[in-house]
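*Asks:* Please see the structure below; I have some questions.
Just so it is clear, none of the values below were taken in a lab; they were calculated from the coordinates. Remember, it's a predicted structure, so these values are computed and weren't measured experimentally. Backbone-built Cβ (ideal geometry, glycine too); neighbour counts: all protein chains shown.
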Number of protein chains: 2
Amino acid sequence: MREIRYDQLQESVFHEQLDNGLHIYIMPKPEFHQAYATFTAKYGSIDREFVIPGDTKPTVVPDGIAHFLEHKMFEEEHGDVFQEFAKYGASANAYTTFDMTTYLFSATDHLYENLQILVDFVQRTHLTDENVEKEKGIIGQEIQMYDDNPDWRSYFGVLQGLFKEHPVRIDIAGTIDSIAKITKETLNDCYKTFYHPSNMLLFVVGPFDPPKVVDLVAKNQSAKQFQPQAEIQRIYPQEPLEAANPRMEVHLSVSIPRCLFGFKEVNPGVTGRSLLERELSTAVGFDTLFSRSAELFNRLYNAGLIDKGFTWEYEVNKDYGFSVIGGNSKDPDRLMSIINAEVAKVRQEGVPRDAFELSRKKMIGKFLEGMDSPRYIARNFTSYRFKDADFFESVSVLEQLTHEQVNRRLAEHFEPKAQTVSLVLPNS
Amino acid sequence: MREIRYDQLQESVFHEQLDNGLHIYIMPKPEFHQAYATFTAKYGSIDREFVIPGDTKPTVVPDGIAHFLEHKMFEEEHGDVFQEFAKYGASANAYTTFDMTTYLFSATDHLYENLQILVDFVQRTHLTDENVEKEKGIIGQEIQMYDDNPDWRSYFGVLQGLFKEHPVRIDIAGTIDSIAKITKETLNDCYKTFYHPSNMLLFVVGPFDPPKVVDLVAKNQSAKQFQPQAEIQRIYPQEPLEAANPRMEVHLSVSIPRCLFGFKEVNPGVTGRSLLERELSTAVGFDTLFSRSAELFNRLYNAGLIDKGFTWEYEVNKDYGFSVIGGNSKDPDRLMSIINAEVAKVRQEGVPRDAFELSRKKMIGKFLEGMDSPRYIARNFTSYRFKDADFFESVSVLEQLTHEQVNRRLAEHFEPKAQTVSLVLPNS
């Protein structure tokens, strides 16, 4: 077991890799009441084409299968796993993103019993033709519910407007048609490939004792038979620089239009500390422009063109990257013309130095606030670890970030050819 | 300054009441990175009729005015207050509920400067005829956005189905028509009445030093002139036992129906520890029936009648109380017939003892988890304080809660005459 010490944060994380390849990270937080554990497969909705270790040809699977598998994992031969956790006072949950599937529990007691339940239930399946068919109805309903939601529709409108080829453009849950093609056999193939311990990461934070965690998990794993597995080869399509479609429109029964826009990252391919730098310099730049205290935000708000729900996000991975910015607007065209004028100006002149400085400090504060939240820590630590980056270096990256870096970053990201606008408009 | 010690939780809260009536509560949490402060007026959307201290006759104000006032508080003569907070690295926010209006900031640095900004901006207004008119457009847009949301519509459908007279049945933001009637003068009347220090509570949690907080706020307050104010007489209508309407239906462009149901509290009027007992015994009972590990939940889920989004909530105050339970369902009528059969059975036989015991322990765990979150602590402490209850007694109440109490509580709450079902159905 190796201790990774973060002097500035006065925190430590303990790391162990087991013989079967599983990575365990433990962040002791004796002052927390809550224990929070996540068991994550590096496997998400974008993993639709890959070579199963040992095979020679690629396998293509139906869209939405990672999320479908997540649903099925909670089903046991007798009852379901929520009841097991409930016996030890824990709440369990799971979620699937573009690039990971996470199972988690939070509890204030019986930490080790709950940890055992978590590891065990994720490492067994109970798939039958019948229960796979039944799940199609349940997930189909979930997909329809999201389809009803104008905010979700405008969000995926941005991704579809940006990406021509990359599967990040497809809803994480898939479509009614794609999930219809899912079978017990395909689910088992995905399960065996992506839930192998060498493709997984266990992260625990809270009043845990690191040696006790490692000991428990090591014993648990050595009692199970996993064949060694080579790395999974994942195949992602080549994505052009230009946005797939500069303007996406859909009409729904809304009273207020939704207006989101975004840019495709024209040059991802970064990992490690460079990825953290890219992400944080973009975030600081966006905060400078779009936060509640930004000059542009207030100009748009006072003109009645946006409301308090105006938000932004930015995500970057080795193979894709994008921003999504916006909210409700009674006049999307006027909104976009003001924003695009500002964006063009920022590409030339950058953002004001004092605004940059405030946003940089605010981001450091936000990170430190997050360190009080087990959920925030667990989610981010794992996500960055899978990108070979260390989330706990955020403060150090932010402290070294310069005004020039942020200006260069915004000029690079705000590429007009890589922009799309996604509108949800009222039925006429 | 008085120390309130919670031995079981190993926590202390410090309390001071200033000469002008303001209550200050400080919960030192030196191990938190984050400082979180809330400044709350006991004033929400239900306060539509009241006697202004000094007046003899009641005043009736337009619906949505508390929320409207909250919006206007952020506007300053020069710029807005978000920029002031941003200078000290803080994020600010505010929200209005049925019975309170809260202004807050979170920060990891400059705690006392930010505290000063918070207290000062809430204790001054900048209302003009022009900026009041402009706000009507902004809030009107917010109201329309919520109207687009099927979940929000089904939620308020329950409240309108339950309550015939009580203003809890009206959307917190009011309606386009009601906010049209709001004037600078009415806003000023409400502000003077409800933002008097004697009707407010300042709660801070985080790495604060209690004497330093009291000293700062006391000096700040003594420099301002507040005339002593008698208690505000609030007038709420008498509410009949029966639900206003047992079935509410609205058709929207949704693919999956929303089905929420609820019960009106036929006998509120409780405060203090009794209110906490009522709330927690209801919560434990609901968890036993409706949580992810409950037998009923799993029966409904496996029959495809509900999905993972099925939730419940319960709220009780001196003058009103209600539950809202449900989610998406492809067959609301079948869902309700199974639920109502179970509810009738529970009224007769109660819930299983072992399920009660698990839910009780789970609730204790949830409370302790919440103690890691400044946001959770601040919101709940203030809300219960306004009901003369002490949120930190929750664990002690839960530990003493009996199976019989929960069964009696459910039998009392599940009054068929006080039930409504609110459906959002697809356009035919």
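*Asks:* Only helical DSSP H runs with n ≥ 4 go in: add -39500 (n - 2.57) per run for the protein assembly as shown, normalise by residue count and round the 222 nm mean residue ellipticity to 500 deg cm²/dmol.
*Replies:* On the way: 30 runs with 364 residues, N = 856.
That comes out to -13000 deg cm²/dmol.
*Asks:* With all distinct Cα pairs included, what does the Kirkwood hydrodynamic radius of the protein assembly as shown come out to in Å, to one decimal, could you say? Don't skip to the answer; put the middle values down first.
*Replies:* Values: mean 1/r = 0.0346 Å⁻¹.
Result for the protein assembly as shown stands at 28.9 Å.
*Asks:* Please compute, for peptide B:320-329, the average count of beta-carbon atoms on other protein chains lying within 10 Å of each residue's beta-carbon.
*Replies:* Numbers: counts 0, 0, 0, 0, 0, 0, 0, 1, 5, 1.
Mean shielding count: 1.
*Asks:* Something else about it: In the stretch B:86-170, which trypsin sites (Lys or Arg not before Pro) fall in coil by DSSP and have 14 or fewer other Cβ atoms within 10 Å? Before the final figure, lay out each step's value.
*Replies:* Values: sites: B:LYS87, B:ARG124, B:LYS134, B:LYS136, B:ARG153, B:LYS164, B:ARG169; in loops: B:ARG124, B:LYS164.
Loop-located and lightly packed - B:ARG124.
*Asks:* Among all lysine pairs in the stretch A:247-426 that are eight or more places apart or on different chains, how many have alpha carbons less than 18 angstrom apart? List each step's numbers first, then the result.
*Replies:* On the way: A:LYS264/A:LYS318; A:LYS264/A:LYS417; A:LYS308/A:LYS330; A:LYS318/A:LYS387; A:LYS345/A:LYS417.
The result is 5.
*Asks:* Further question on the same structure: What angle do you read, to the nearest 10 degrees and between 0 and 90, between the alpha-carbon axis of helix B:129-147 and the longest principal axis of chain B?
*Replies:* Long axis of B:129-147 versus the principal axis of chain B: about 20 degrees.
*Asks:* Can you give the mean number of other chain Cβ atoms that lie within 10 Å of the Cβ atoms in peptide A:21-32?
*Replies:* On the way: counts 0, 0, 0, 0, 0, 0, 0, 0, 2, 1, 5, 5.
Mean partner-chain Cβ count within 10 Å for A:21-32: 1.
*Asks:* Once R0 is set to 41 Å, what does the formula 1/(1 + (r/R0)^6) return for the Cβ-Cβ distance between A:ASP129 and B:GLU349, expressed as a FRET efficiency to the nearest 0.05?
*Replies:* Details: r = 38 Å, r/R0 = 0.92.
Efficiency, from the Cβ-Cβ distance: 0.60.
*Asks:* Rounded, prolate or oblate: which fits the stretch B:269-428 when a ≥ b ≥ c are the square roots of the eigenvalues of the alpha-carbon gyration tensor, with rounded for a/c under 1.5 and prolate only if a/b beats b/c? Intermediate results must be reported in sequence, preceding the final value.
*Replies:* On the way: a/c = 1.65, a/b = 1.55, b/c = 1.07.
Here the stretch B:269-428 falls in the prolate category.
*Asks:* In addition: Give me the percent relative contact order of the stretch B:1-131, please, defined on Cα pairs under 8 angstrom at least 6 residues apart. Each step should come with its number before you reach the end.
*Replies:* Details: 191 pairs, mean separation 31.1, N = 131.
Answer for the stretch B:1-131 is 24 percent.
*Asks:* Separate question: Quick check: the angle from helix B:403-413's long axis to the longest principal axis of chain B, C-alpha only, nearest 10 degrees?
*Replies:* It works out to around 90 degrees.
*Asks:* How far, in nm, would the chain grow between B:LEU241 and B:ASP209 when pulled straight, counting 0.36 nm per residue and subtracting the alpha carbon separation? Present the calculation step by step, with values, prior to reporting the outcome.
*Replies:* Working: separation 32, 0.36 × 32 = 11.52 nm, distance 4.85 nm.
Answer, rounded to one decimal: 6.7 nm.
*Asks:* If you consider only alpha-carbon coordinates, what radius of gyration and Dmax does the stretch A:1-144 have, in Å?
*Replies:* For the stretch A:1-144, the Cα-based Rg and Dmax read 17.7, 54 Å.
*Asks:* If you take every DSSP beta bridge whose two residues both sit in chain B, what share of them, in percent to the nearest 5, is antiparallel? Write out the running numbers ahead of the final one.
*Replies:* On the way: 50 of 63 bridges.
Bridges in chain B that DSSP calls antiparallel: roughly 80 percent.
*Asks:* Using a label point 7 angstrom from Cα along Cα-to-C-beta, what distances in nm, from shortest up, separate B:ASP129 from the other copies?
*Replies:* Its label point is 7.8 nm from the equivalent points in the other copies.
*Asks:* Then there's this: Shortest first and in nm with one decimal, please list how far the B:GLU249 label point sits from its counterparts in the other copies (point 7 Å along Cα→Cβ).
*Replies:* Counterpart label points of B:GLU249 in the remaining copies fall at 3.5 nm.
*Asks:* Could I ask something else about it? With the Cα gyration tensor of chain B in hand, convert its eigenvalues to equivalent ellipsoid semi-axes via √(5λ) and list them largest first in whole Å.
*Replies:* The equivalent ellipsoid of chain B has semi-axes of 37, 28, 20 Å.
*Asks:* Nearest 10 degrees, 0 to 90: what angle lies between the long axis of helix A:111-122 and the longest principal axis of chain A (Cα atoms)?
*Replies:* 80
*Asks:* Just report the Cα centroid separation between the stretch B:47-101 and the stretch A:388-415, whole Å.
*Replies:* 38
*Asks:* Over the whole of B:366-377, what's the average partner chain Cβ count within 10 Å per residue? Rounded to a whole number, please.
*Replies:* On the way: counts 5, 2, 7, 12, 2, 4, 13, 6, 3, 3, 0, 0.
Partner-chain Cβ atoms within 10 Å, mean over residues of B:366-377: 5.
*Asks:* Please give me, ordered by residue number, the GluC sites (Glu not before Pro) of the stretch B:189-272 that lie in loop per DSSP and have at most 13 other Cβ atoms within 10 Å. Walk me through the numbers before you get to the answer.
*Replies:* Numbers: sites: B:GLU231, B:GLU242, B:GLU249, B:GLU265; in loops: B:GLU231, B:GLU242, B:GLU265.
Qualifying residues, ordered by number: B:GLU231.
*Asks:* Now, a different point. Check each of the GluC sites (Glu not before Pro) in the stretch A:48-126 and keep only those in coil by DSSP with at most 14 other C-beta atoms within 10 angstrom; list them in order.
*Replies:* Values: sites: A:GLU49, A:GLU70, A:GLU75, A:GLU76, A:GLU77, A:GLU84, A:GLU113; in loops: A:GLU76, A:GLU77.
Within the stretch A:48-126, the qualifying GluC sites (Glu not before Pro) (loop, at most 14 other Cβ atoms within 10 Å) are A:GLU77.
*Asks:* If you don't mind, there's one more thing I want to ask. Over the stretch B:314-397, what is the relative contact order in percent, taking alpha-carbon pairs closer than 8 angstrom and at least six residues apart? The partial results should precede the final answer.
*Replies:* Details: 25 pairs, mean separation 16.0, N = 84.
The value is 19 percent.
*Asks:* Only Cα pairs within less than 10 Å get springs; with that Gaussian network setup on chain B, which residue of B:LEU69, B:LEU159, B:LEU127 has the largest fluctuation?
*Replies:* B:LEU127
*Asks:* Working from the pairwise distances between different alpha carbons, so that the mean of 1/r is found and then inverted, what is the stretch B:215-278's Kirkwood radius in Å? List each step's numbers first, then the result.
*Replies:* Details: mean 1/r = 0.0551 Å⁻¹.
Answer for the stretch B:215-278: a Kirkwood hydrodynamic radius of 18.1 Å.
*Asks:* Student exercise: in the stretch B:162-231, how many lysine pairs 8 or more apart or on different chains have Cα atoms under 20 Å apart? Numbers along the way, then the final one.
*Replies:* Details: B:LYS181/B:LYS192; B:LYS184/B:LYS192; B:LYS192/B:LYS224; B:LYS212/B:LYS224.
Eligible lysine pairs with Cα atoms under 20 Å apart amount to 4.
*Asks:* List the distances, in nm and shortest first, from the label point of A:SER428 to the matching label points in every other copy, placing each point 7 Å from Cα along the Cα-to-Cβ direction.
*Replies:* Those separations, rounded to one decimal, come out as 2.9 nm.
*Asks:* List the relative contact order of chain B as a percent without decimals, with contacts defined as Cα pairs under 8 Å and 6+ residues apart. Numbers along the way, then the final one.
*Replies:* Details: 790 pairs, mean separation 93.7, N = 428.
Computed value for chain B: 22 percent relative contact order.
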